[in-house]
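The values are calculated or read from the model by the stated rules, or taken from the named source; none is laboratory data. Keep in mind it's a predicted model, so treat the numbers as computed, not measured. All Cβ positions, glycine included, derive from the backbone under ideal geometry; neighbour counts span all protein chains shown.
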Amino acid sequence: MAVHVDFSAITAGATWQNVQCEKCKKHYHYPLVREAKASVRAAYGIRQGAAEERAAKTAQYKLMKLLEQGVEIVPCPSCGWVQQDMIREARRRTARWLIYLAALCFIAGLALAMYPLGELLSVTDPEVTPAEKTRAIVGLLIGTGAAVALLIVRRMLQSTVNPNSHYPKPPEPIPGMPAGIPGKAPRELLGRTTATDVSRRVGVDGGLLP
């Protein structure tokens with residue numbers, strides 16, 4: 001009976017991002033909070049300590065990258081301008097559900113196309129009719145076309161995102177976004193604050209013990 005132990009690490013951290021406004025050239029800062037996860041399996045329950053440590057370190061490394069590269073959409077508190085990297089981030093977050101819907105359409109089309117192939121491989125004397133071949137091709141074309149169309153729609157929606165469209169009027173507040181604080185963050189605040197939690201679960205033959 002094969003036994004394995006899964007270690008899942010969750011680490012959260014915060015730092016301060018310093019920004020110089022592209023428009024008025026004044027400095028401001030805002031808090032950046034991120035969370036990262038990692039999982040490592042100890043096969044047969046061997047080297048559990050090493051697996052636990054690797055899970056924690058992997059989560060901490062991911063968190064470090066997220067804090068280094070993270071951007072929030074925080075307008076300049078002095079003039080209301082939203083920086084270009086923040087606009088790119090806002091567009092990246094726009095209609096992300098369309099990506100998953102496009103992937104689903106493509107997979108559905110691919111599944112229709114693979115059906116005749118599956119019959120050819122699984123049946124000793126397969127008979128794939130012209131109608132089945134046509135359905136497979138049409139299904140693949142429709143699925144692929146729908147996926148491409150959805151991605152084009154998302155790109156069009158992204159192009160409409162411009163928080164500075166009514167400048168100098170400040171943009172509408174974005175729920176959940178922090179507020180910009182005038183000036184640079186004090187030096188003592190520039191370090192990162194992190195906390196890591198590691199959980200342990202034992203599994204047997206692909207399942208988990210209660």
Quiz item: Restricting the search to segment 57-94, which residues are touching a strand residue (DSSP E or B) at 6+ places or on another chain (Cβ under 6 Å) and in a helix (DSSP H, G or I)?
Solution: T58, A59, Q60, K62, L63, L66, L67
Quiz item: Does R41 meet the test of being closer than 30 Å to T193 by Cβ and of a type in the set (D, E, K, R)?
Solution: yes
Quiz item: Which of the residues spanning segment 72-91 are touching a residue at least 40 places away in the same chain (Cβ under 8 Å), basic (K, R) and surrounded by fewer than 16 Cβ atoms within 10 Å (Cβ to Cβ)?
Solution: none
Practice problem: Scan segment 175-194 and give yes if some residue there is over 24 Å from the mean Cα position of the chain (by Cα) and assigned by TED's automatic domain parsing to the domain that holds A108, otherwise no. | Solution: no
Quiz item: Just for segment 28-55: of the residues that are closer than 25 Å to Y167 by Cα and out of contact with any Ser or Thr (no Cβ under 9 Å at 6 or more places or on another chain), which one is surrounded by the fewest Cβ atoms within 10 Å (Cβ to Cβ)?
Solution: Y30
Self-check item: Given (1) in contact (Cβ under 8 Å) with a residue 60 or more places away in the chain; (2) of a type outside the set (D, E); (3) not assigned by TED's automatic domain parsing to the domain that holds M177, number of the condition G109 does not satisfy
Solution: (1)
Quiz item: If you check L140, L150, L157, which single one turns out to be touching a Gly at 6+ places or on another chain (Cβ under 7 Å), modelled with pLDDT of 75 or more, assigned to a helix (DSSP H, G or I) and of a type in the set (A, V, I, L, M)?
Solution: L140
